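The values are calculated or read from the model by the stated rules, or taken from the named source; none is laboratory data. These numbers come from a predicted model, not from an experiment. Counting neighbours? That spans all protein chains shown, and the Cβs are built from the backbone with ideal geometry, glycine included. Surface areas here come from the heavy atoms of the whole protein model, side chains and all, with no ligands, DNA or RNA. Shrake-Rupley method; radii C 1.70, N 1.55, O 1.52, S 1.80 Å.
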Amino acid sequence: MIKLDRPVIVEGKYDVIKLSGFLDALIIKTDGFGIFKDKEKQQLLLRLAGEKGIIVLTDSDGAGFVIRNFISSIIPPDKITHVYIPDIFGKEKRKTAFSAEGKLGVEGVEEKVLLEAFEKAGVTASLSNRKRRRITNLDLFECGLSGRENSVQKRRLLLKKLALPERLSTSSLVKILNTFVTYEEFEKTVKELF
């Protein structure tokens, strides 16, 4: 696994699945063109970009460039690293037909090609020696934020307090919390709320 200290923004869930196989990073999907109307997700991207910057990796087709350009219009240019995959013609295994342009998307490109694309963009693994207590799924459970009665309501209160989107999954929440707050800040916020 390659650890990245910046979040990677991709188009869809199959891109997330592909990258999760070899990247230890926060990976956020735009839901394709859904990003255009999703103000919460736009605010999340702005906030993430403000922390350490973001990495944008979209398909090399026209739709991918429309999404990339939209993200570039809302995020300051010095906060974005663009990773481009080459034009590779073919069809993803899960699909029955070629895409409109006949190009493979992120999900269909080999891991080696993706790693080369990251390298060409200057994205390297985090070598941070900083040791800190990470927030875990168990922490969420112990605080009553998952797996318990009223967990959903408690999570929503925490998300609202931290100005995060209310529709985050538990695993996404853990990754995002570890991006924004220390364990101590998390613990203090939870104590204040509950």
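Atom-type composition of the exposed protein surface of the chain places 52 percent of the accessible area on carbon and sulfur (1.4 angstrom probe). Name the long-range amide H neighbours of Ile2: under 5 Å, sequence gap of 5 or more, or other chain; modelled H, no Pro or chain starts. Those lying under 5 Å, H to H, from Ile2 are Leu23, Asp24. Taking θ as phi - 60° and the Karplus parameters 6.51, -1.76 and 1.60, the scalar couplings of region 179-194 work out to 7, 9, 10, 7, 4, 4, 5, 4, 4, 5, 4, 4, 5, 5, 6, 10 Hz in sequence order, x denoting glycine and proline. Charge dipole of region 12-95 (Cα centre as origin; +1 on each Lys and Arg Cβ, -1 on each Asp and Glu Cβ, all else neutral): 240 debye, rounded to the nearest 20. In the full protein context, the chain carries 56 Å² of accessible surface per residue, based on a 1.4 Å probe and ignoring ligands, DNA and RNA. Note that region 9-22 has calculated 3J(HN,Hα) couplings of 9, 10, 7, x, 5, 6, 5, 4, 4, 4, 5, 5, x, 9 Hz, one per residue in order, obtained from phi through the Karplus relation 6.51 cos²θ - 1.76 cosθ + 1.60 (θ = phi - 60°); glycine and proline are x.
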